[in-house]
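The values are calculated or read from the model by the stated rules, or taken from the named source; none is laboratory data. Keep in mind that what you see is a predicted model, and the values were worked out from it rather than measured. All Cβ positions, glycine included, derive from the backbone under ideal geometry; neighbour counts span all protein chains shown. Surface areas here come from the heavy atoms of the whole protein model, side chains and all, with no ligands, DNA or RNA. Shrake-Rupley method; radii C 1.70, N 1.55, O 1.52, S 1.80 Å.
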Amino acid sequence: MALFHVRMDVDIPRDLDPAVRAETVATEKEYSQDLQRQGKWVHLWRIVGQFSNISIFDVESADELHDILWNLPLFPYMTIEVMPLTQHGSSIK
């Protein structure tokens, strides 16, 4: 498995139809919770005061993460920063 630290900043246009916004946000929640249940989206943390999160993904490859991110319903409204992670030499786990 491969671990990735992902920061997602969301900027939904203010003029987006409210019904489209609500449906997109609901679909995003369902999609992300399914990935959490599968063990692929292992941490999801809100950044206080922002429409942003820090997440940890545990996936087979960078390609799998790419597919997951591109399929996020909010992807068109996101700025995403990905950092691959590896075990630290001083870690006891």
Checklist entry - Do you know which residues across segment 41-76 are part of a strand (DSSP E or B), open to solvent by less than 100 Å² (accessible area, probe 1.4 Å) and either out of contact with any Asp or Glu (no Cβ under 6 Å at 6 or more places or on another chain) or aromatic (F, W, Y) (or both)? => result W41, H43, L44, N53, I54, S55, I56, F57, D58, V59
Next on the checklist: Can you confirm whether T79 is modelled with pLDDT of 95 or more and outside any strand (DSSP E or B)?
Outcome noted: no
Item to check | Filter result (under 16 Å from A2 (Cβ atoms) and polar (S, T, N, Q)) within segment 54-89 | outcome: S55, S61, T86, Q87
Item to check | Index of the failed condition, T24 passing every other in (1) loosely packed, with under 11 Cβ neighbours inside 10 Å; (2) in contact (Cβ under 8 Å) with a residue 40 or more places away in the chain; (3) part of a helix (DSSP H, G or I) | outcome: (1)
Checklist entry - Given (1) without any contact (Cβ under 8 Å) to a residue 24 or more places away in the chain; (2) open to solvent by 70 Å² or more (accessible area, probe 1.4 Å), where does A19 come up short, assuming only one miss? => result (2)
